[in-house]
Amino acid sequence: MSSWEPDAALVATLKSAAAALREAGVPFAVGGGFAAWARGAPPTEHDVDLFVCQDDVDAALEALEGAGMRPERPPEGWLVKAWDGDVLVDLIFAPSGFDVTPGVLARSEELNLAGMQLPVLPATDVFVSRLLALHEHHLDFEALLPLARALREKVDWHELTVRVRDSPYGRAFLYLLEELDIIPVEIPMEKAGGIRWSV
């Protein structure tokens, strides 16, 4: 895990939320910034992202409410939220690029996060969701570059290339990674589903 430390309030909320979901028997995986931090990336500064199956959303939100958090159902249709004081917990069931299924949760890795062994979303899934969330009004390459450098050996870039091939913004970011020598070019275009950028 990284030597950088995230905000203590975020860590406390992560522990409380994870304990509540475990006690309620709700399967989950840690995603977002904490999933990246667990593998050596800079710490998250925003919120706690927990991935759950859509069928478990109500039970998960009820569990967090039972732990003293304030539930919120936004209109977006791919997540629900809970507030632990000023700290936000996102319960995500349909991130950009894939739905959270038992199979997705099953491939999570048990990693140490601030002294707790927690299921953590694979680095490839973390990156897929981040790249497919890019659009013309949100092209945050500045935040993604240090993430790519930190996770370069932990992401399956071949799989990621295939999964983001319909996104011009995802393809552009992979091209940028090539130009910066963060990832090498090893797979011919025809083997990457019509895209040149993959490893």
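The values are calculated or read from the model by the stated rules, or taken from the named source; none is laboratory data. Please read these numbers as outputs of a predicted model, since none were measured by experiment. Heads up, the Cβs are rebuilt from the backbone with ideal geometry, glycines too, and the neighbour counts pull from every protein chain shown.
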(Q) Show me the strands (runs of 3 or more DSSP E) found entirely inside the stretch 83-199 where at least 1 residues are modelled with pLDDT of 90 or more, loosely packed, with under 15 Cβ neighbours inside 10 Å and in the same structural domain as GLU5 (by TED's automatic domain parsing). (A) 109-113, 116-120
Q) Which residue pairs have Cβ atoms under 6 Å apart, sit 6 or more places apart or on different chains, and have a first residue in the stretch 94-118 that is free of Cβ contacts under 8 Å to residues at least 60 places away in the same chain and more than 19 Å from VAL164 (Cα to Cα) and a second that is among the β-branched types (Val, Ile, Thr) and buried (at least 16 other Cβ atoms within 10 Å of the Cβ)? A) GLU109/VAL120
Q: Identify the single condition in (1) more than 24 Å from LEU145 (Cα to Cα); (2) without any contact (Cβ under 8 Å) to a residue 40 or more places away in the chain; (3) small (Gly, Ala, Ser) that ALA67 does not satisfy, given that it satisfies every other one.
A: (2)
Q. Which members of the stretch 4-43 meet the condition of being under 15 Å from ALA59 (Cβ atoms) and acidic (Asp, Glu)?
A. GLU23
Q: Working only within the stretch 32-74, note down all residues that are under 15 Å from LEU118 (Cβ atoms) and in a strand (DSSP E or B).
A: VAL48, ASP49, LEU50, PHE51
Q) Going through the stretch 13-47 one residue at a time, which ones are over 22 Å from VAL155 (Cβ atoms) and either crowded, with 24+ Cβ neighbours inside 10 Å or in contact (Cβ under 8 Å) with a residue 60 or more places away in the chain (or both)? A) THR13, LEU14, LYS15, SER16, ALA17, ALA18, PRO27
Q: Scan the stretch 63-102 residue by residue and report those that are touching a Ser or Thr at 6+ places or on another chain (Cβ under 7 Å), farther than 24 Å from PRO122 by Cβ and not charged (D, E, K, R).
A: ALA67, VAL87
